[in-house]
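The values are calculated or read from the model by the stated rules, or taken from the named source; none is laboratory data. The structure displayed is predicted, hence computed values, not measured ones. A quick note on method: Cβ atoms are made from the backbone with ideal geometry, for glycine too, and the neighbour counts reach across all protein chains shown. Each accessible area value is taken on the protein alone, full model and side chains, heavy atoms only, with ligands, DNA and RNA left out. Shrake-Rupley method; radii C 1.70, N 1.55, O 1.52, S 1.80 Å.
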Amino acid sequence: MAGEQIGVLNALDVAKTQWYHFTAIVIAGMGFFTDAYDLFCISLVTKLLGRIYYTDTLKEKPGTLPPNVAAAVNGVAFCGTLTGQLFFGWLGDKMGRKKVYGITLIVMVICSIGSGLSFSDNSKAVITTLCFFRFWLGFGIGGDYPLSATIMSEYANKKTRGAFIAAVFAMQGFGILGGGIVALIVAGAFNNSFNAPDYATNREGSLVPQADYVWRIILMFGALPAAMTYYWRMKMPETARYTALVAKNAKQAALDMSKVLQVEFQAEEEKVEKFTSRSSQSYGLFTKEFAARHGLHLVGTTTTWFLLDIAFYSQNLFQKDIFTAIGWIPPAKTMNAIQEVYKIARAQTLIALCSTVPGYWFTVIFIDYVGRFAIQLMGFFFMTVFMFALAIPYDHWTKKENRIGFVVMYSFTFFFANFGPNATTFVVPAEIFPARLRSTCHGISAAAGKAGAIVGAFGFLYASQSKDKTKTDAGYPPGIGMKNSLIMLGVINFFGMLFTLLVPESKGKSLEELTGENEEDQEIEHQVASSRTVPV
């Protein structure tokens with residue numbers, strides 16, 4: 001039987017959904033809106049960067065970024081994000097969620113602006129400066145993952161906690177959508193003001209000098225939502241769970257939550273002292289007790305996030321086929337530089353509206369009814385099914401008359417990624433680890449995900465190249481081919497299903513019940529021996 005819960009934490013667990021819940025969702029969610037905007041807006045402008053800095057007008061097609069430069073521009077933010085997730089996750093447990101939360105925003109604002117200030121005529125100088133700021137931008141974004149999830153988890157009630165954390169993550173969909181809309185507005189305005197001929201008609205005239213402002217404005221706009229959120233983040237009190245269980249300040253926890261819940265709380269100093277002196281509150285990350293109680297859970301959250309992101313970020317492989325099949329993006333030489341940005345932005349906006357955003361919100365609606373485990377298992381299952389359905393008859397899908405079917409299968413794959421593991425891998429690590437290690441463990445899980453993203457976005461970009469040297473994209477060596485790459489992705493999703501069995505169900509339980517922090521000392525040994533990972 002679990003020990004008695006601290007009054008202020010119990011009040012948070014049983015609180016009805018109130019205004020402060022929605023405030024917390026918006027404050028944390030706007031950070032995720034910014035994260036997604038900053039991470040995904042680069043894909044809207046890479047073609048333009050290629051045209052501006054790598055076009056040779058003697059060639060029939062406009063310039064594109066060389067493979068190594070494209071990999072650096074697209075991937076450097078992922079490397080920064082991975083580093084930031086580990087560092088700020090650890091720092092959030094050491095200094096407190098609120099203090100670190102403000103630091104990540106400041107880094108994001110400065111680096112978003114810096115990304116657009118890479119002024120030079122020299123391509124090397126521009127790309128180097130851009131990559132420098134994109135790395136540190138990713139570093140700030142990385143901090144937002146563990147901190148946003150942990151703060152929302154610790155503020156939420158146990159009945160709707162999953163929906164609240166998933167709602168924060170779902171703002172990522174609106175961030176992707178926002179990036180597309182901003183690019184549409186900026187590219188549309190510049191194209192109307194500086195109407196240029198297409199590349200085939202006039203190679204030099206298709207790139208007006210003002211096009212250099214387009215990518216800078218799109219990248220710098222990411223600073224605006226982050227700056228707007230800063231004041232509200234600083235007004236949020238520290239979470240009661242950190243203040244009481246980690247900082248061990250019962251008086252401050254009661255005072256902060258009295259303001260939030262508008263109910264008077266007594267400072268239960270003796271109860272907090274007793275609660276935090278238990279052995280369940282003392283073990284560290286690199287201890288046998290952590291390994292026994294949460295080792296398999298951490299293996300489960302890291303491996304599933306890693307495997308999910310390989311599949312999720314590999315979607316870049318198929319987008320060019322899909323956009324061409326539907327006619328959303330005509331051949332580059334039939335457009336001027338700014339028109340190309342507009343067409344790419346339109347395609348991304350439509351994908352976000354039709355597939356990305358709905359999938360996230362299906363998770364928000366169902367996660368506290370169906371449960372995290374079931375949604376994650378279902379998502380990986382359908383991703384496996386649809387990936388194999390794309391891979392095995394791949395030659396069938398390449399025929400022009402069957403390409404609409406390919407688009408439908410593709411859309412279902414990523415709908416079930418979002419109504420599935422893409423959301424649950426974010427939610428669960430914020431619930432199942434002790435308060436003093438929660439942010440660190442979420443950061444480790446998220447960093448494993450970003451490692452998967454790097455494999456998915458770049459490893460498979462090379463792997464999917466044709467086996468025939470004459471059919472590879474410019475600058476790429478031969479690979480294993482698209483069909484074999486899709487089969488590999490199907491196998492990866494299947495392993496995601498298997499590793500989900502290591503992740504416990506957290507629906508409807510208090511955080512302290514899940515982590516064992518409210519157990520009496522004599523219960524602990526028995527609990528470790530009888531703990532199970534697969535929900536029954």
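When residues of segment 202-217 are filtered for being out of contact with any Leu (no Cβ under 7 Å at 6 or more places or on another chain) and closer than 13 Å to A337 by Cβ, how many remain?
Qualifying residue count, segment 202-217: 11.
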Just checking, does segment 523-536 include any residue being at pLDDT 75 or above and open to solvent by 60 Å² or more (accessible area, probe 1.4 Å)? no
If you go through I103, I141, the only one that is under 30 Å from W19 (Cβ atoms), open to solvent by 20 Å² or more (accessible area, probe 1.4 Å), in a helix (DSSP H, G or I) and not charged (D, E, K, R) is I103
Scanning for something within 26 Å of A149 (Cα to Cα), out of contact with any His (no Cβ under 8 Å at 6 or more places or on another chain) and either hydrophobic (A, V, I, L, M, F, W, C) or at pLDDT below 85 (or both), does segment 457-468 turn up at least one residue? yes
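When segment 144-170 is examined, which residues are found to be assigned to a helix (DSSP H, G or I), aliphatic (A, V, I, L, M) and crowded, with 24+ Cβ neighbours inside 10 Å?
Going through segment 144-170, the residues assigned to a helix (DSSP H, G or I) turn out to be 144-155, 161-170.
Pick out the ones that are also aliphatic (A, V, I, L, M) and you get 147, 149, 151-152, 163, 165-168, 170.
Across segment 144-170, the qualifying residues are L147, A149, I151, M152, I165, A166, A167, V168, A170.
Collect the residues in segment 25-42 that are hydrophobic (A, V, I, L, M, F, W, C) and either surrounded by fewer than 20 Cβ atoms within 10 Å (Cβ to Cβ) or in a helix (DSSP H, G or I) (or both), keeping them in residue-number order.
Going through segment 25-42, the residues hydrophobic (A, V, I, L, M, F, W, C) turn out to be 25-28, 30, 32-33, 36, 39-42.
Of everything in segment 25-42, those that are hydrophobic (A, V, I, L, M, F, W, C) and either surrounded by fewer than 20 Cβ atoms within 10 Å (Cβ to Cβ) or in a helix (DSSP H, G or I) (or both) turn out to be I25, V26, I27, A28, M30, F32, F33, A36, L39, F40, I42.
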Residue ID - farthest from the chain's Cα centre (by Cα), chosen from residues in segment 125-135 that are farther than 17 Å from R51 by Cβ and either surrounded by fewer than 19 Cβ atoms within 10 Å (Cβ to Cβ) or among the hydroxyl-bearing types (S, T, Y) (or both): A125
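Given the criteria open to solvent by 20 Å² or more (accessible area, probe 1.4 Å), in a helix (DSSP H, G or I), β-branched (V, I, T) and farther than 18 Å from G29 by Cα, does I375 qualify?
Working: open to solvent by 20 Å² or more (accessible area, probe 1.4 Å): no; in a helix (DSSP H, G or I): yes; β-branched (V, I, T): yes; farther than 18 Å from G29 by Cα: yes.
It is false that I375 is open to solvent by 20 Å² or more (accessible area, probe 1.4 Å), in a helix (DSSP H, G or I), β-branched (V, I, T) and farther than 18 Å from G29 by Cα.
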Could you check L82 against (1) assigned to a helix (DSSP H, G or I); (2) under 14 Å from C131 (Cα atoms); (3) open to solvent by 10 Å² or more (accessible area, probe 1.4 Å); (4) not hydroxyl-bearing (S, T, Y) and say which number it fails? (2)
Would you confirm, using the coordinates I've provided, whether D56 is assigned to a helix (DSSP H, G or I) and either at pLDDT 85 or above or surrounded by fewer than 18 Cβ atoms within 10 Å (Cβ to Cβ) (or both)? no
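Going residue by residue through segment 459-481, is there one that turns out to be of a type in the set (D, E, K, R) and open to solvent by less than 10 Å² (accessible area, probe 1.4 Å)?
The first filter runs over segment 459-481 and keeps only residues of a type in the set (D, E, K, R), leaving 467-469, 471, 473.
Now drop any that are not open to solvent by less than 10 Å² (accessible area, probe 1.4 Å), which leaves none.
Taking every residue of segment 459-481 in turn, none turns out to be of a type in the set (D, E, K, R) and open to solvent by less than 10 Å² (accessible area, probe 1.4 Å).
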Does L130 satisfy the condition of being closer than 15 Å to L105 by Cα and in contact (Cβ under 8 Å) with a residue 24 or more places away in the chain? no
Out of segment 11-24, which residues are open to solvent by 70 Å² or more (accessible area, probe 1.4 Å) and outside any loop (DSSP other than H, G, I, E, B)? V14, W19, F22
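With respect to N68, determine if the residue is closer than 23 Å to G452 by Cβ, over 21 Å from the mean Cα position of the chain (by Cα) and in a helix (DSSP H, G or I).
Details: closer than 23 Å to G452 by Cβ: yes; over 21 Å from the mean Cα position of the chain (by Cα): yes; in a helix (DSSP H, G or I): yes.
Spelling it out, N68 is indeed closer than 23 Å to G452 by Cβ, over 21 Å from the mean Cα position of the chain (by Cα) and in a helix (DSSP H, G or I).
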Sort out which residues of segment 378-424 are open to solvent by 10 Å² or more (accessible area, probe 1.4 Å) and not in a helix (DSSP H, G or I), and write them in order of number. I392, P393, K399, F419
Report, by residue number, each residue of segment 258-286 that is open to solvent by less than 50 Å² (accessible area, probe 1.4 Å), free of Cβ contacts under 8 Å to residues at least 12 places away in the same chain and under 15 Å from G516 (Cβ atoms). Y283
Please work out which one of (1) modelled with pLDDT of 75 or more; (2) part of a helix (DSSP H, G or I) is the condition S506 fails and give its number. (2)
Flag if P358 is open to solvent by 30 Å² or more (accessible area, probe 1.4 Å), closer than 23 Å to G162 by Cα and modelled with pLDDT under 95: yes
Need the failing condition index for K333 against (1) touching a Pro at 6+ places or on another chain (Cβ under 9 Å); (2) at pLDDT 85 or above; (3) open to solvent by less than 30 Å² (accessible area, probe 1.4 Å), just the number. (3)
